[in-house]
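The values are calculated or read from the model by the stated rules, or taken from the named source; none is laboratory data. Every value quoted in this text rests on a predicted model; they were computed, and no experiment measured them. Backbone-built Cβ (ideal geometry, glycine too); neighbour counts: all protein chains shown. What goes into the accessible areas is simple: the full protein's heavy atoms, side chains included, and nothing from ligands, DNA or RNA. Shrake-Rupley method; radii C 1.70, N 1.55, O 1.52, S 1.80 Å.
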Amino acid sequence: MEGARSGIVITVFSTASAVGKTLISINMAAELAHEGHHVCLADLDLQFGDVSNYLKLSPTRTVADAQKAVQRDADAFDPMPFLTQYSYKGVNFSVLAGPLELAEAYNMSPLTIAHIVKQLQYKFDYLVLDTTSTFSELNLSLLDLGTIITFLGIVDFIPTIKNMKSGCDTIRSMGYDSNKIRLVLNRSNSKTRIDLEDVEQLLGEPFYHVLPNDFVAAQQSIQMGVPLVLSSQSASLAKELRHLVGRYTNQEVEQTETQHGVSSWFRKIFN
Amino acid sequence: MDYRVILIENNRLMLERLSSVIKGAAGFELAARYQQPGDALGQGGVFKPNLILLDIDDRANLQFIPAFTQSFPAAALLCISSHWNANDSSHVVRAGAKGYLIKPFTAEELGEAVDTFGKSGMAVSSDVMAFFSPKGKSGKTTLIANLALSLARKSGESVAIIDADLQFGDMAVFFNLAPQSTIVEAVRDVKFLSPITLNAYFQTVSDNLRVLCGTKKPDYAELVDIKPFNDMVRMAQSLFRYILIDLPAGFNPISVAASELANTTYLVAMVSGGFELQHMQRALDVFRAWPDCEQRVKTIFTRVEPCNADMQEKLGLVLGYPVAAVIPNEYLLVSAAANNGRMAMDNDPNNPLAINIARLADAIIGQRRGKVG
Ligand SMILES: Nc1ncnc2c1ncn2[C@@H]1O[C@H](COP(=O)(O)OP(=O)(O)OP(=O)(O)O)[C@@H](O)[C@H]1O
Ligand SMILES: [Mg+2]
């Protein structure tokens, strides 16, 4: 693969649970696909991942099967047969599903997963990685592999904020370029007594992007198995999600938009 | 209840000195004293002691510990030594001693040592409860904190929380504690500790509730090794009647170790319109490999609406496993309490959350009494 172009990896991470990593991962993947990119979403919440749940997929092959293939012959490994397709009204993206069995999940090797992710990078324009909220060996390598880390937080009560702060400090201590890390606040305006500016001050940095709280829309999309950006495009949460993705793809700047379109089309042909 | 003490001390002068301390200590009675352990083993039984103090400066005495615990099953054994020895302390605890006391001791120190092991006698077998959740945000920290308070109040016995949610434990925040020592130090030092000294690593919340707080930074988590963690919990068992262990989400070395060690593992999940039930089933499938799963593993759902017996049964049917407790949604109450470092139990003992948790505490205490008495 020397000389081959590698795709952009967006690692979606948080240090608190249930802050919306999975919801935002699937919407990022969907929106990027909607814009014409070749996208793969990997469920790396290995034990209790929700990607297949939220998209109503019934994968037959998973990351666990991919691991077996890598272990048989790493050099000949091709990730494509292990993906599951998601499509909705002409928008398509690939999903690397999490293990079906917990025992498989427990026996996944972070090194092998890193190998799989790297191989996927050569096949796709964008790779979105959904994770768990802990600094596990696997997640540390997924943070390394990320072109961009979407560090997701919510402001609900003190313990969550404490964990967001210590997570932020830990990521900063890992020596990444500061523009690799994007602090995104989710579920803004949800019931809370805490002032946003206080939180930004505590974190030492403003939020890169803020996503509104819309529990009903989020819940509906999960029940339907369709990402919000595809199903209810007018909802303000969907708009903000698209806006966020736009900032990642330079879509917001008109000139580069066409350029990017060309390059991704170009890349697809030559892959 | 008075402690009837048998003292074994080889050094004649020390024997005199300690004897007079014991005689002068309120609540203690010197039943008999010997210079040789063999004499104590052979003759001490007639005095029906319930506390044995065995000198281990004489190294040869170490080997008698199992014989003492066998011959005096109703008595607790404390080893006494003129200096602190790390290896000895863990050795004696493992051999069956309940603790370790530095001599010469004062009457207060003797009383403290005995108190540390429980007021109603030191031969404590405690209930260890591990709280496992498939995914995070299950409401289990709130549950544990309030349940521990309730257990402490209702039973009057000693209760401890161990925050083993290694990277992102919240217990210190919940109780507004600024710990001097945490699980990291306790596990690191365990091989140098005896139950009495381990006790100092726990922070005091109330008279009979103590908390061993989680790490101060996520990267300290890797300092906590499983084997010494297990040793630490076992040592804590001689300090507390009830031990509640908070854990990180999912199956990982610490959550697996704690569940295996615990008498009861509670699987906790929050009902929030997602796939919590499926995740719970998936987790249960793993625990079902235990032959005594039904006795040892219980499930609890939090944020249940409406929170009543019907719903509890319904959840159990869907799950295919009995649901031990349901906890209602009291988001604002809980967050307001956590933000202030106070417990929902304290803010309003009559709110539905407090009532449901109190009910669970009653069941736990009742079950224990049933087993013991
Ligand atoms: N912006 C939002 N507004 C309202 N609800 C939201 C929003 N984002 C996420 N949610 C809801 O929050 C819940 C948790 O979301 P999600 O499962 O994506 O979180 P997660 O970070 O992946 O959780 P986990 O750490 O457990 O994997 C879901 O019920 C989802 O619908
Ligand atoms: Mg998730």
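A few points about this structure:
- Verdict on A:Asp130 being touching an Asp or Glu at 6+ places or on another chain (Cβ under 8 Å) and open to solvent by less than 20 Å² (accessible area, probe 1.4 Å): yes
- Residues that are closer than 30 Å to B:Val233 by Cβ number at least 2 in the following strands (runs of 3 or more DSSP E) confined to the range B:1-103: B:3-8, B:51-55, B:76-81, B:99-102.
- Residues within the range B:134-158 that are within 16 Å of ligand 2 (Cβ to nearest atom) and within 16 Å of the chain's Cα centre (by Cα), tallied: 0
- Selection within the range A:219-244: residues that are buried (at least 21 other Cβ atoms within 10 Å of the Cβ) and within 13 Å of chain B (Cβ to nearest Cβ). The member of this set that is nearest to ligand 1 (Cβ to nearest atom) is A:Ile222.
- Check on B:Val268, β-branched (Val, Ile, Thr) and either over 29 Å from the mean Cα position of the chain (by Cα) or modelled with pLDDT under 95 (or both): no
- Of everything listed in (1) among the small types (Gly, Ala, Ser); (2) within 16 Å of ligand 1 (Cβ to nearest atom); (3) touching a strand residue (DSSP E or B) at 6+ places or on another chain (Cβ under 8 Å), the single unmet condition for A:Ser94 is (2).
- Of the residues in the range A:65-78, not one is within 17 Å of the chain's Cα centre (by Cα), under 21 Å from A:Ile26 (Cβ atoms) and away from chain B (no Cβ under 14 Å).
- Answer residue from the range A:141-173, given it is at the interface with chain B (Cβ under 10 Å from one of its Cβ atoms) and open to solvent by 50 Å² or more (accessible area, probe 1.4 Å) and is farthest from ligand 1 (Cβ to nearest atom) among those: A:Ser173
- For the range A:111-140, a residue qualifies if it is among the aromatic types (Phe, Trp, Tyr) and away from every other protein chain (no Cβ under 14 Å), and the qualifying residues are A:Tyr122, A:Phe124, A:Tyr126.
- Scanning the range A:1-33 for residues that are within 14 Å of chain B (Cβ to nearest Cβ), touching a residue at least 24 places away in the same chain (Cβ under 8 Å) and within 7 Å of ligand 1 (Cβ to nearest atom) yields A:Ser14, A:Ser17, A:Val19, A:Gly20, A:Lys21, A:Thr22, A:Leu23.
- Taking the listed residues A:Leu41, A:Leu57, the one that is within 16 Å of ligand 1 (Cβ to nearest atom), open to solvent by 10 Å² or more (accessible area, probe 1.4 Å) and in contact (Cβ under 8 Å) with a residue 40 or more places away in the chain is A:Leu57, with no other qualifying.
- Criterion applied to B:Leu51, B:Leu110, B:Leu77 was being modelled with pLDDT under 95, within 25 Å of B:Asn208 (Cβ to Cβ) and in contact with a Ser or Thr (Cβ under 9 Å, 6 or more places away or on another chain), and the one residue passing it is B:Leu77.
- Residue in the range A:41-63 that is among the basic types (Lys, Arg), more than 14 Å from chain B (Cβ to nearest Cβ) and not in a strand (DSSP E or B) present: yes
- Whichever residue in the range B:138-167 is of a type in the set (Asp, Glu) and open to solvent by 20 Å² or more (accessible area, probe 1.4 Å) and, among such residues, is farthest from the other protein chains (Cβ to nearest Cβ): B:Glu157
- Here the range A:37-54 is the region considered, the condition is being farther than 29 Å from A:Lys162 by Cα and among the polar types (S, T, N, Q), and the residue that is farthest from ligand 2 (Cβ to nearest atom) is A:Ser52.
- Some residue of the range A:177-190 being touching a residue at least 60 places away in the same chain (Cβ under 8 Å), in contact with a strand residue (DSSP E or B) (Cβ under 9 Å, 6 or more places away or on another chain), within 16 Å of ligand 2 (Cβ to nearest atom) and under 17 Å from B:Gly273 (Cβ atoms): yes
- Residue in the range B:128-136 that is surrounded by 24 or more Cβ atoms within 10 Å (Cβ to Cβ), within 16 Å of ligand 1 (Cβ to nearest atom) and part of a strand (DSSP E or B) present: yes
- Selection status of B:Asn50, touching a residue at least 60 places away in the same chain (Cβ under 8 Å) and polar (S, T, N, Q): yes
- Looking across the range A:11-36, the residues that are more than 15 Å from ligand 2 (Cβ to nearest atom) and either open to solvent by less than 10 Å² (accessible area, probe 1.4 Å) or part of a helix (DSSP H, G or I) (or both) come down to A:Ala30, A:Glu31, A:Leu32, A:Ala33, A:His34.
- Residue-level check: of (1) within 29 Å of the chain's Cα centre (by Cα); (2) open to solvent by 10 Å² or more (accessible area, probe 1.4 Å), B:Glu313 misses just (1).
- Taken over the range A:104-114, the criterion of being buried (at least 18 other Cβ atoms within 10 Å of the Cβ) and in a helix (DSSP H, G or I) is satisfied by A:Glu104, A:Ala105, A:Thr112, A:Ile113.
- Each residue in the range B:168-218 was checked for being open to solvent by less than 10 Å² (accessible area, probe 1.4 Å), farther than 24 Å from B:Ser150 by Cβ, within 14 Å of another protein chain (Cβ to nearest Cβ) and touching a helix residue (DSSP H, G or I) at 6+ places or on another chain (Cβ under 7 Å), and 1 of them qualify.
- Lone unmet requirement of (1) open to solvent by less than 50 Å² (accessible area, probe 1.4 Å); (2) away from chain A (no Cβ under 11 Å); (3) in contact (Cβ under 8 Å) with a residue 24 or more places away in the chain for B:Trp290: (3)
- If you go through the range B:225-243 and keep only what is open to solvent by less than 10 Å² (accessible area, probe 1.4 Å) and under 30 Å from A:Met108 (Cα atoms), you end up with B:Phe229, B:Met232, B:Val233.
- A:Gln85 falls short on exactly one of the conditions (1) assigned to a helix (DSSP H, G or I); (2) open to solvent by 20 Å² or more (accessible area, probe 1.4 Å); (3) free of Cβ contacts under 8 Å to residues at least 40 places away in the same chain, and that condition is (1).
- Meets criteria (in contact (Cβ under 8 Å) with a residue 12 or more places away in the chain and in contact with a strand residue (DSSP E or B) (Cβ under 9 Å, 6 or more places away or on another chain)) for B:Asp170: yes
- Hits in the range B:258-274 - residues which are within 14 Å of chain A (Cβ to nearest Cβ) and either part of a helix (DSSP H, G or I) or open to solvent by 40 Å² or more (accessible area, probe 1.4 Å) (or both): B:Ser259, B:Val271, B:Ser272
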